[in-house]
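Comments concern the structure below.
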Amino acid sequence: MKNTFLFVLFISAIVALFAFAFSFSQDKGNDGKQIFLDNKCNSCHSVSSQDIISKKDNAIDLSDTGSLDNADLLKSFLLKEAQINDKDHKMKFKGSEDELNTLVNWLLTLKTEAQEIKK
């Protein structure tokens with residue numbers, strides 16, 4: 001009986017450790033792509049390089065946003081405090097400052113293949 005109890009306890013501990021390790025591997029914090037999707041940015045924008053396709057016919061593809069290379073301008077644009085190409089962003093970003101920073105950092109990593117070759 002004692003051996004059975006120890007065996008069950010041992011197996012339970014192993015399962016708990018694997019579950020604990022798995023939960024850490026899945027928790028990447030805030031992911032820019034997920035913030036993009038959670039805020040429904042894909043209702044107006046596509047990111048074809050990330051397989052994000054908007055249902056809107058004239059959606060702007062953001063696959064080359066990294067060529068902008070100006071985080072402050074992009075943040076201000078998303079907060080409707082600045083213009084890009086003489087245009088305002090249609091909706092003000094409503095997430096937290098950390099989410100905005102994560103989203104902008106992710107957007108700035110997006111570069112088309114031609115842009116990557118230039119670097």
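The values are calculated or read from the model by the stated rules, or taken from the named source; none is laboratory data. Model, not experiment: these values are computed from the prediction. Cβ: placed from backbone, ideal geometry, glycine included. Neighbour counts: every protein chain shown. These area figures cover heavy atoms from the full protein model, side chains too; ligands, DNA and RNA do not enter into them. Shrake-Rupley method; radii C 1.70, N 1.55, O 1.52, S 1.80 Å.
Of the residues screened, residue 79 is not one that is in contact with a helix residue (DSSP H, G or I) (Cβ under 7 Å, 6 or more places away or on another chain) and either surrounded by 15 or more Cβ atoms within 10 Å (Cβ to Cβ) or at pLDDT 95 or above (or both). Set side by side, the residues 51, 69 differ, and just one is surrounded by fewer than 12 Cβ atoms within 10 Å (Cβ to Cβ), out of contact with any strand residue (DSSP E or B) (no Cβ under 8 Å at 6 or more places or on another chain) and touching a residue at least 12 places away in the same chain (Cβ under 8 Å), which is 69.
Across the range 90-101, which residue is farthest from residue 32 (Cα to Cα) among those that are open to solvent by less than 50 Å² (accessible area, probe 1.4 Å) and at pLDDT 95 or above? Within the range 90-101, the match that is farthest from residue 32 (Cα to Cα) is 93.
The number of residues in the range 1-28 being exposed (fewer than 10 other Cβ atoms within 10 Å of the Cβ), hydroxyl-bearing (Ser, Thr, Tyr) and at pLDDT 75 or above comes to 1.
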